[in-house]
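Contents: one structure, followed by commentary.
The values are calculated or read from the model by the stated rules, or taken from the named source; none is laboratory data. These numbers were taken from a predicted model, which means no experiment stands behind them. Methodologically, a virtual Cβ is constructed for each residue, glycine included, from the backbone with ideal geometry; neighbour enumeration extends over all protein chains shown. Keep in mind that these areas ignore ligands, DNA and RNA; they rest on the heavy atoms of the full protein, side chains included. Shrake-Rupley method; radii C 1.70, N 1.55, O 1.52, S 1.80 Å.
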Amino acid sequence: MNTPTLHSALLIDGQLVGGEGVAEAILNPASGEVLCSIAEASLEQLEAAVQAAHRAFPAWSRTTPAQRAGALLAIADAVDAQAEQLAALEALNCGKPLHLARQDDLPATADVFRFFAGAVRCQQGQLAGEYVAGHTSLVRRDPVGVVASIAPWNYPLMMAAWKIAPALAAGNCLVFKPSEHTPLSILALAPALREILPAGVLNIVCGGGEGIGSSLVGHPKVRMVSLTGDIVTGQKILQSAARTLKRTHLELGGKAPVIVCDDADLEAVVQGIRTHGYYNAGQDCTAACRIYAQAGIHDRLVAELGDAVASIRFARKKDADNEIGPLISARQRDRVASFVERALGQPHIERVTGAAVHSGPGFHYQPTLLAGCRQNDEIVQREVFGPVVTVTRFDQLSQALDWANDSEYGLASSVWTQNLDKALQLANRLQYGCTWINTHFMLASEMPHGGLKRSGYGKDLSSDSLQDYSVVRHIMARHGQQLD
Ligand code: NAD
């Protein structure tokens, strides 16, 4: 991989400017080395960014859907044109294998901008008409105003696209804050965004959560806050947003149950969990991490999955050989390690494979499978956000369903069986934003992604997201003199 150029300028009011706040070291988690340091926005720069978005709003909100679609299509083209560099930056800054960033993150990012370019031109809604005699009612969808968008580190550019594309399409102006760990890809795209969008429509500021993040959320001119992140961060944002009654869009954690019935295609299950339980080193809120295996398939599943997980390639010198990367930081790796340590302190939990920090450089953790787990175990209840999957045995489907739903999370789930009737009945009763049947983790830009319960309530992707980033308004006109 050629070393990509590292951009450090923020985008504020159409200008690329160096941050004037404290400098943060940006690491390569695959090696632990410092890549560069990026200066955060100062509070004055944050103020300038919010004011710029506020000034840009009247004109941008009155552009036609076709004009906004044009800008989104140009952004998608810019992502494609820079794809090689952006993939290299995602790989460097997240430690992802380069071929996966290239093949998965970049096309998905461009597709999200293209989807919203189309979706905003064909929105649907209630029919205009005379719902009160002598009065005509019509319904509009208008943008909310200045949106503060705050992203996590697991898929930096894709999460930026999920936040920026629907908000811009709906006619809002934004101040976007990437995770303090992973600002490099969006900063590299900033010069192109500056060329495409009018000044102030999209501002990009860097900084930590408690500093710049919370100041941004608390700004009185911000009308909506969109967060993808931790439940605790969501709670803090709700408290702050309550003071000025801001609209919120929260996409929080997950702990996806995977119900494997006796009649499932074992090979497909093993392949599916090997891929979708460990993809991105399990740093995925939809990761297939909490398996409930029916008694008739349980032992074969544990044995075959154990072998499959032990074969996952990581931390190899030749990047192209790797299937997963490291955890994002030493802190995250140690957090994963302590979850597993506590789990293995329980006599009933069995280590099938993994369960150790990798001894080489970087923040790698061995892909881990734990069996014999029980419903009330911490490792079954809490989000680990690492390459760790648990297996719990069940006899009756009703038991699996109860356990699957017995969770504070409600983002994603899957059911594995060759009986479609059974699959649909289980899917209907799972309390999750998404249920996959005989697969896991597949996303489509056209389909909504978002949770229930403490996983939050914002919908990303799909035309539902356009609704989240807009307000519905009723216009009613009294008729004057009756026509003949
Ligand atoms: P995090 O909550 O620590 O950080 C997310 C973002 O919030 C960062 O940009 C951070 O700087 C900012 N932030 C933190 N505290 C803040 C505050 N007080 N005010 C304003 N901003 C603040 O989460 P993370 O560690 O970056 O990401 C991991 C979490 O995100 C996991 O829990 C994961 O499940 C969740 N996640 C959810 C989805 C989803 O679609 N539901 C997708 C990806 C990640």
With the 1.4 Å probe rolled over protein heavy atoms, the range 100-170 has an accessible area per residue in Å² of 38
Run lengths n ≥ 4 of DSSP H only: what is the helix-derived mean residue ellipticity at 222 nm for the chain, with -39500 (n - 2.57) per run over all residues, to the nearest 500? -11500 deg cm²/dmol
In nm, to one decimal, how far is the THR439 label point from the ALA330 one, both placed 7 Å along Cα→Cβ? 4.1
For the ARG316, GLU47 Cβ pair and Förster radius 45 Å, calculated FRET efficiency rounded to 0.05 is 0.45
Given a Förster radius of 30 Å and the C-beta distance between THR63 and ALA477 as r, what FRET efficiency does 1/(1 + (r/R0)^6) yield to the nearest 0.05? 0.75
Measure off, as a whole percent, the carbon and sulfur share of the 1.4 Å-probe accessible area of the range 94-156, all protein chains present. 53
Tilt of helix 156-169 relative to the longest C-alpha principal axis of the chain, in degrees (0 to 90, nearest 10)? 30
Bridge orientation stat for the chain from DSSP, antiparallel percent rounded to 5, came to 40
Angle check, please: helix 43-61 long axis (alpha carbons) against the longest principal axis of the chain (alpha carbons), in degrees 0 to 90, nearest 10. 60
Which parts of the range 426-447 would a label at LEU420 reach, counting a residue when its backbone N lies under 14 Å from a point 7 Å out along Cα-to-Cβ? 437-438
Segment GLU84-THR136, extension gain: residue separation times 0.36 nm, minus the distance between their alpha carbons: 13.4 nm
Computed over the range 1-151, the relative contact order (Cα-Cα under 8 Å, seq sep at least six) in percent reads 21
I want to verify the translational diffusion coefficient of the chain in µm²/s; compute it with Stokes-Einstein, Rh as the Kirkwood radius over Cα pairs, at 20 °C and 1.002 mPa s. 91
Quick one: Cα centre-to-centre distance for the range 443-483 and the range 253-329, in angstrom? 35
Compute the angle between helix 83-94 and the longest alpha-carbon principal axis of the chain, please, reported from 0 to 90 degrees and rounded to the nearest 10. 60
Relative contact order of the range 330-454, pairs being alpha-carbon contacts under 8 Å that are 6 or more residues apart, as %: 17
Carbon/sulfur accessible area of the range 437-484, % of total, 1.4 Å probe, equals 54
Quick one: compute a quarter of the convex hull surface over the Cα atoms of the range 388-461 and quote it in nm². 5.6
Relative contact order of the range 85-158, defined on C-alpha pairs under 8 angstrom at six or more residues apart (%): 32
Taking every Cα atom in the range 102-178, find the radius of gyration and the maximum pairwise distance Dmax, and write them in Å. 17.0, 59
